[in-house]
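Step one of this worksheet: look at the structure below.
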Amino acid sequence: MSDNQEPNFVKEESVVGIPSPLLKLKSWQWWVLVSINIFFLIGGQAASVILGRFYYNEGGNSKWMATLVQTAAFPLLYVPYLLLPSSSCSLKTMVLIYAPLGVIVAGDNMLYSVGLLYLSASTYSLICGTQLAFNAVFSYFINAQKFTALILNSVVLLSFSAALIALNDDSDAPSGVPRSKYIVGFVCTLAASALYSLLLSLMQFSFEKILKRETFSVVLEMQIYTSLVATCVSVIGLFASGEWRTLHGEMDGYHKGQASYVLTLLGTAVTWQVCSVGVVGLIFLVSSLFSNVIGTLSLAVTPLAALAVFRDKMSGVKVMAMLIALWGFASYVYQNHLDDLKVRRAREQALASRVDPPC
């Protein structure tokens, strides 16, 4: 494919259904944008999970604070947003879209915070791999994503992977966490994965059917306003639960000191925003399912990072669960490859019919 051809990734509807400004990009330019967002997603997700687990390991215990920092750094996004041309939609449309999505984000972040509190970073990441299976189902019903045999295989394998983790008696929960809390952590992380997948599909639906705007500023706008709503919900939860009263003592008793406490929370907030920009950017550039597939690559990054940083135990069951999950991931990637080949052949045939009309 030459550099003058448009990007031709795997959204098959309307020959990948990519917004028209993206069609004006050269292939290498489109791939640069996709690559940047992939880096943001994988790097941001791995770093934020490690920092979140570090917060709990060193004496942090506030679930609402851990939830709040996942969206609190959204004002940083105003810098690039203000530099880009934008045409905001009506206030009514913004409220109808961003308010419910923001509430879902806050609830999802809370479930993730509980899960990470009771699970090791590597186990948490493996369970998060089920997002791909959930998103395949939601994308089928909400975004008209095709559900092929290979995608079904991916769903089944990722479900088996999560089941292995759930049934593993030799759990590697953080010290002091009983088996009952480990199960709570597993259920919350699994529920968060399902809710997150629903959120991605709803975002894609909003981009394509409601907002219908074709600038990259819409990606930042989606992230800014949903994070604003989620942050407000988290602040309300922090005060309503009474956890705000314990924060001063938590900072004083933090094992690494007060400065480390503040830097850990700041670092977690920033890395979550980097991750979120990558997530929403890939939804805009490709699809919600592809965004979730790339997020699943953290299976190969976060557990290894956790092994190096926290000396997480990699039991035989966990290694088997990782291999099964990666097999499921590979099944979906291969399906993407087949779809891409199909789209290319359709383009080539269409081009040939225009160049060489029948006699």
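The values are calculated or read from the model by the stated rules, or taken from the named source; none is laboratory data. Quantities reported herein were computed from a predicted structural model and do not represent experimental measurements. Cβ sites come from the backbone with ideal geometry, for glycine too, and all protein chains shown count toward neighbours. Remember, those area values only see protein heavy atoms, side chains included, never the ligands or the DNA or RNA. Shrake-Rupley method; radii C 1.70, N 1.55, O 1.52, S 1.80 Å.
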Tyr56: buried (at least 16 other Cβ atoms within 10 Å of the Cβ) and under 22 Å from Gly242 (Cα atoms), yes or no? yes
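Table: residues versus (1) in a helix (DSSP H, G or I); (2) surrounded by fewer than 21 Cβ atoms within 10 Å (Cβ to Cβ); (3) under 15 Å from the mean Cα position of the chain (by Cα).
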| residue | (1), (2), (3) |
| --- | --- |
| Leu96 | yes, yes, no |
| Pro100 | yes, yes, no |
| Gly115 | yes, no, no |
| Ala133 | yes, no, yes |
| Asn153 | yes, yes, no |
| Ser161 | yes, no, no |
| Ala194 | yes, yes, yes |
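Please find, among Ile142, Ile183, the residue that is exposed (fewer than 15 other Cβ atoms within 10 Å of the Cβ), of a type in the set (A, V, I, L, M) and modelled with pLDDT of 85 or more.
Ile183
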What about Phe216, is it of a type outside the set (A, V, I, L, M), modelled with pLDDT of 95 or more and open to solvent by 70 Å² or more (accessible area, probe 1.4 Å)? no
Among Thr226, Thr302, which is out of contact with any strand residue (DSSP E or B) (no Cβ under 6 Å at 6 or more places or on another chain), modelled with pLDDT of 90 or more and open to solvent by less than 20 Å² (accessible area, probe 1.4 Å)? Thr226
So in the range 73-86, with the set limited to residues that are closer than 25 Å to Gly107 by Cβ and open to solvent by 40 Å² or more (accessible area, probe 1.4 Å), which one is modelled with the highest pLDDT? Pro75
Quick check: anything in the range 233-240 in contact (Cβ under 8 Å) with a residue 40 or more places away in the chain and touching a Gly at 6+ places or on another chain (Cβ under 9 Å)? yes
Yes or no: the range 323-345 includes at least one residue that is part of a helix (DSSP H, G or I), under 18 Å from Ser120 (Cβ atoms), among the small types (Gly, Ala, Ser) and modelled with pLDDT of 75 or more. yes
Only residues that are among the aliphatic types (A, V, I, L, M) and either closer than 20 Å to Phe290 by Cβ or touching a Pro at 6+ places or on another chain (Cβ under 9 Å) (or both): list them for the range 106-141, please. Leu117, Leu119, Ala121, Leu126, Leu132, Ala133, Ala136, Val137
